[in-house]
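To keep things clear, I will list the structure first and then write my remarks on it.
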Amino acid sequence: MKQSIEALLRHSGVSPWAANARLADRHLPTGFPALDEKLPGGGWPMGAVTEILTGSQGIGELQLIIWALAQLSREGRWLVWVAPPHIPYAPALTGYGVDLSRVLVVQGRTDAEQRWAAEQALRSNACGAVLQWSSSMNTRALRRLQLAAEHGRAWAVVFLSPRAAHHASPAGLRLHLAPTREGLEVKVLKCQGQAWRGAVLIGGGDARP
Amino acid sequence: MSAPAIAARQLWLGVYLPHFPLETLSRGGALPGPVVVVDDRRSRAHVVTASEAARIEGVQAGMALSSALTLIPSLQVLKRDEIGEGAALDGLAAWAGQFTSLVSLMVGQGLLLEVKGSVRLFRGIDSLLEQVRNGLQALGYTARMAIAPSPLGAWWLAQLNTQPRIVMILDRAALAKQLDPVPLELMALPKTAAAMAQGMGLKCFGDCCRLPRQGLARRLGTELVRLLDRALDRYPDPRIPYSPPPVFERCLPLPALVWDMEGLVFAARRLLLELVGFLQARAAGVLCLDITLMHGNAKYTGIALELSVATRDLHHLLDLLRMRLERVRLPGAVDAVRCTARHIVPLDAPPPGAALFRAIETPKERDYLLVERLRVRLGAGAVQGLCTVADHRPERAWRYAALEKPKPSFVSPLPRPLWLLEQPRMLKQMNERLQIGGALELTAGPERIESGWWDGEGVARDYFVARNPDGTRLWIFRERDHPQRWFLHGLFA
């Protein structure tokens, strides 16, 4: 028995020392039970790209992921915000339970620098999540992100415009967000390992999970 | 795996550097052809050291330069730099401080290390010697080494040793036999005594020991008898320990002009290895490091490496340097590389030999590895943390923060948006309704924020949560002095 475990460790490429070994293939609860139910593994897929397609900002797109971000920050992993469109507001982040000492805001002068930074962060094995905003990201760039996320077992979140839905995606998960009177409608456009497509309505705009 | 018992009181490692004058000039790069170092202060320039390629062709130390040039017309000739040698030996001694606290200089030729106390720390004498040998090789030095219970014994045996293998005499009883063949020239006797000894037909250490002590003392002086006793560990032979300066500043000349990255990294690696040894010796890490590339004519390119946490990890430092070098445009070829540690701080010491476990970085190290990589490429200001500030004014309730220390956080009991706008944006109004992508509807508020009158940047505002037809939720305010002016300040993303 002992032998077989050792053999497994040797061949799986998983270092028994690495604290993040347990993060491999992990799914992090979203904080919204209705959504968790629909996602394979019961939450956000770590070590993969999640694409979030939104038409406008301020509809609750960060609240959708903030519970998971807070969780990752409390595990002592970096949350890297690459070139955010506005200031991530510290008082609100702490309000959601995010450990601010784990937040990194990275500015790149060009798209290339931003992509480089995101990839470095994902690969570093020190990040919980890396957030990016982009109007256009081609399949090749997304594939690179996906590889980096797998390598560093981190969660890559990319906010894109709804037009991105026309392109094929290597991402593990692709969601489309639309605000409604009743709350945020989260439509699953693609989800690896699951055929289900459909929409979930989550809490009112100001609901704290 | 039981280590041999060491009976001796002290154990000295003699590190003799047979090609030191050449290597101090050439170890910054690769010199393929035959090379010699010459001393031209005397009327006839003579060869001090010859490279292996030159020795194969028959060039030897002590030979006149003209004869050497006859043997190899294409011979490359370097001028001896004794000041540089002195600095290089100091640097090497500081590096060797990681192995023992007692390092003694043998000027111009090598080092003596007292290693008895270090044997256990390095998990056995073999492992210790292995690390010294590999370390010297990585620095670019050829060494001949011997271990003996007396410093003189270790030094002489190291000089006699022609093999890379280390001569090991761990026992005083075996010392006399081993020292027997040491020639008189190596023993560095005073001139008159040396001449007299030669006249008596003495050729080696053993010859001296076989004569009656009293007679020897009478004819060649008590000094000689003392020397024999010291070499045989029968009389104390204290050595002055080298104490390195608290700063690290080393310059490595390059034997040929270098343009390319790999050449620069090669030289920098040797300097950084010295730095790492220096830091290891004082259980310290470096926070701030200057690498200066010299172009001759007092021109240079400076590269400052600023680290978030102190380190003495060679791979990490090299990695950062490489990234910086990729982005530097050199104004000319480089003829020397200088390395200055500007800020050295104490660091908890990992056990010696920790290099074996390099793959396991502590989470903290891994964290800052990322931050440094990003900073090196994007600039220090491009990577920031966040913190809250105890201020009621929304634009002052946060700021960018240094990453090193966690700050206390403040939580507001009232709703705060996840996005804050860089600057409040004035809202349009149409038919007395606020407009952003349609008419706004107020869903919460007002929250009165009135603060800051004392610093001249006071605010007096009423904040509301609003919602537009798209479903976007906005944080807006109205100035109390101008109730008709509305501004957008944040987004409930």
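Numbers at a glance
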read-out: Peptides ranked, highest mean first, by Cβ atoms within 10 Å: ranges B:211-219, B:260-268; value: B:260-268, B:211-219
read-out: Count, lysine Cα pairs under 20 Å in the protein assembly as shown, 8 or more residues apart or across chains; value: 6
read-out: Principal-axis tilt of helix B:82-96 within chain B, Cα atoms, nearest 10 degrees; value: 70 degrees
read-out: Principal-axis tilt of helix B:261-281 within chain B, Cα atoms, nearest 10 degrees; value: 80 degrees
read-out: Inter-chain shielding of A:46-54 (mean C-beta neighbours from other protein chains, 10 Å cut-off); value: 0
read-out: Directionally averaged projected area (convex hull, Cα atoms, the stretch B:248-374), nm²; value: 7.8 nm²
read-out: Note, ³J(HN,Hα) from phi for the stretch B:315-329, Karplus 6.51, -1.76, 1.60, rounded to Hz, x at Gly and Pro; value: 5, 5, 4, 5, 4, 5, 4, 4, 5, 6, 4, 4, 9, 8, 9
read-out: Beta bridges by DSSP in the protein assembly as shown, antiparallel share as percent, to the nearest 5; value: 75 percent
read-out: Vicinal HN-Hα couplings computed from phi for the stretch A:27-41 (Karplus, 6.51 cos²θ - 1.76 cosθ + 1.60; Hz; Gly/Pro x); value: 10, 9, x, 7, x, 10, x, 4, 6, 3, 4, 8, 8, x, x
read-out: Contour excess over end-to-end distance, with Cα ends at B:Asp260 and B:Val345 and 0.36 nm allotted per residue; value: 27.4 nm
read-out: Förster-model FRET efficiency, 51 Å R0, B:Ser74 and B:Val389, C-beta, rounded to 0.05; value: 0.10
read-out: Residues B:Val459, A:Val130 arranged by fewest to most Cβ contacts within 10 Å; value: B:Val459, A:Val130
read-out: Between 0 and 90°, nearest 10: helix B:363-378 axis offset from chain B longest Cα axis; value: 80 degrees
read-out: Placed amide H near B:Trp486: partners under 5 Å, 5+ positions off or other chain; value: B:Leu427
read-out: Estimated inter-spin distance, B:Ala402 and B:Lys428, nm [label 7 Å along Cα→Cβ]; value: 4.6 nm
read-out: Gain on full stretching of the segment that runs from B:Ala333 to B:Thr162 - 0.36 nm per residue minus C-alpha separation; value: 57.8 nm
read-out: Distance in nm between pseudo-label sites at B:Cys209 and B:Arg448 (7 Å out along the Cβ direction from Cα); value: 10.0 nm
read-out: Separation between Cα centres of the stretch B:80-127 and the stretch A:115-164, rounded to whole Å; value: 49 Å
read-out: In order through the stretch A:94-108: 3J(HN,Hα) via Karplus (6.51 cos²θ - 1.76 cosθ + 1.60), integer Hz, x for Gly, Pro; value: 5, x, 8, x, 7, 7, 4, 5, 9, 9, 10, 10, 10, 10, x
read-out: Packing-based exposure ordering (other Cβ within 10 Å, fewest first) of B:Ser51, B:Ser308; value: B:Ser308, B:Ser51
read-out: Amide hydrogen neighbours beyond the local backbone of A:Trp133, cut-off 5 Å, H modeled; value: A:Phe159
read-out: Pair A:Glu75, B:Arg322: separation of 7 Å Cα→Cβ label points (nm); value: 2.9 nm
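We did not get these values from a lab; they are worked out from the coordinates using the rules stated. Model, not experiment: these values are computed from the prediction. Quick reminder, even Gly has a Cβ in these numbers, built from the backbone with ideal geometry, and neighbours come from all protein chains shown.
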